[in-house]
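Working notes, beginning with the structure itself.
The values are calculated or read from the model by the stated rules, or taken from the named source; none is laboratory data. Computed from a prediction, not measured in an experiment: that's the story for all the values here. A quick note on method: Cβ atoms are made from the backbone with ideal geometry, for glycine too, and the neighbour counts reach across all protein chains shown. Heavy atoms of the whole protein, side chains included, go into the accessibility calculation; ligands, DNA and RNA do not. Shrake-Rupley method; radii C 1.70, N 1.55, O 1.52, S 1.80 Å.
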Amino acid sequence: MNCELRASAPGFHSNEISLVGLDQFGGSIDVGVITVQRAVKIEGMTLSAIPYKAPKDARKAYEKGLQAEKSGKLADALKYFETAVKIYPGFAFAWFQLGTVLRTEDQKDAARKAYTQATTIDAKFLPPYLSLASMAYETGNWREVLTLTGHILDLDPLNHIAVANYVLDLDPLNYVDAYFYDAMANFKLDKIEEAEKSGLKAEHLDLRTRFPQLHLLLAEIFARKNNYAMAVTETQIFLELAPHSKDADRVREQLAKWEKLSGSVSASEKPDQM
């Protein structure tokens, strides 16, 4: 009910298909054709030819690094990426991959420097911004989180329109992470309206439910606004997604309180009986 299907890909706009009224009793459902139209190009979001502008030796080291990383040979990957950036210091993609390996190896300071170097070289290459936002999130540096997510979300077309339905975003850069980090940072800085806006965008993009804690955040936001019914709903979603969470008992206690408050609000809104 009230569910619409659309395609999402960088640089394109999609028509919408309403799923209401479609035959739901067959083995499969034919939703028809989804048409996408080219929109204004979103720089930095499409496949890039930049890695192939690097000198041959740097590119070869970079590609060997990718293969080693994929095979779990992180020491080799580290060596290859270091070689790539040494040969070609302007290789933003190699700096990013170097940072990723360093972070996996728990060399956080070195990883941060590599990511930052990538952003200095190419401000439109967004993956290192997301990685830096993730690291800032982990340390609770909320203002830095907002600076980094703000840069990312400025380039997201969905950030400039009202999104009321769930969206399957096929962009290789996952905006769900950026919206979640942005929502949490705004909440921690007591910017509730901004937190709600980003949190709801994240919810509509998180079809794979990678962030169960997003629903706890939204519950807290709705409770702050005295919307206890929505707080209850979001908490129930969290418990469905993560029933064995270490915080599950505390969350259930909070849910019971919000359920009572929701019932009290509903009762107070009923008109007086004649």
message = For the range 183-197, give me each residue that is in contact (Cβ under 8 Å) with a residue 40 or more places away in the chain and either assigned to a helix (DSSP H, G or I) or crowded, with 18+ Cβ neighbours inside 10 Å (or both).
response = Met184, Ala185, Asn186, Lys188
request  = Within the range 259-272, identify whether any single residue is in a helix (DSSP H, G or I), open to solvent by less than 50 Å² (accessible area, probe 1.4 Å) and modelled with pLDDT of 90 or more, and answer yes or no.
outcome  = no
request  = Enumerate the pairs (first residue in the range 50-78 and over 17 Å from Ala118 (Cβ atoms); second residue anywhere and among the aromatic types (Phe, Trp, Tyr) and at pLDDT 95 or above) with beta-carbon separation below 7 Å, excluding pairs fewer than 6 apart on the same chain, so at least 6 apart or on different chains.
outcome  = Pro55/Tyr88; Lys64/Tyr80; Ala68/Tyr80
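Condition check: assigned to a helix (DSSP H, G or I) and more than 16 Å from Gly65 (Cβ to Cβ). Does Thr100 satisfy that?
On the way: assigned to a helix (DSSP H, G or I): yes; more than 16 Å from Gly65 (Cβ to Cβ): no.
For Thr100, the condition - assigned to a helix (DSSP H, G or I) and more than 16 Å from Gly65 (Cβ to Cβ) - is not met.
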ask   = Which residues, counting only those in the range 66-75, are under 13 Å from Thr104 (Cβ atoms) and either under 27 Å from the mean Cα position of the chain (by Cα) or assigned to a helix (DSSP H, G or I) (or both)?
value = Ala68, Glu69, Lys70, Gly72, Leu74, Ala75
key: Among (1) of a type outside the set (Lys, Arg); (2) open to solvent by 90 Å² or more (accessible area, probe 1.4 Å); (3) outside any loop (DSSP other than H, G, I, E, B); (4) modelled with pLDDT of 95 or more, the one test that Asp249 misses   = (4)
task = Determine whether the range 131-141 contains at least one residue that is touching a Phe, Trp or Tyr at 6+ places or on another chain (Cβ under 6 Å), under 22 Å from Lys225 (Cβ atoms), open to solvent by 40 Å² or more (accessible area, probe 1.4 Å) and modelled with pLDDT of 95 or more.
result = no
remark   = Lys124 fails exactly one of (1) in contact with a Gly (Cβ under 9 Å, 6 or more places away or on another chain); (2) in a helix (DSSP H, G or I), namely (2)
query = Can you tell which of Thr147, Thr120, Thr116 is within 25 Å of Ala75 (Cα to Cα), open to solvent by 30 Å² or more (accessible area, probe 1.4 Å) and β-branched (Val, Ile, Thr)?
reply = Thr116
request  = Identify the residue in the range 209-246 that is in contact (Cβ under 8 Å) with a residue 12 or more places away in the chain and in a loop (DSSP other than H, G, I, E, B) and, among all such residues, is surrounded by the fewest Cβ atoms within 10 Å (Cβ to Cβ).
outcome  = Asn226
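Would you check which residues across the range 229-250 are among the hydrophobic types (A, V, I, L, M, F, W, C), farther than 13 Å from Leu218 by Cβ and over 23 Å from the mean Cα position of the chain (by Cα) and list them?
Narrowing the range 229-250 to residues among the hydrophobic types (A, V, I, L, M, F, W, C): 229-232, 237-239, 241-242, 248.
Subsequent filtering for residues that are farther than 13 Å from Leu218 by Cβ retains 239, 242, 248.
Selection gives Ala248 alone.
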Matching residues in the range 51-93 - criterion: being in contact with a Ser or Thr (Cβ under 9 Å, 6 or more places away or on another chain) and among the small types (Gly, Ala, Ser) = Ala58, Ala61, Gly65, Ala77, Ala92
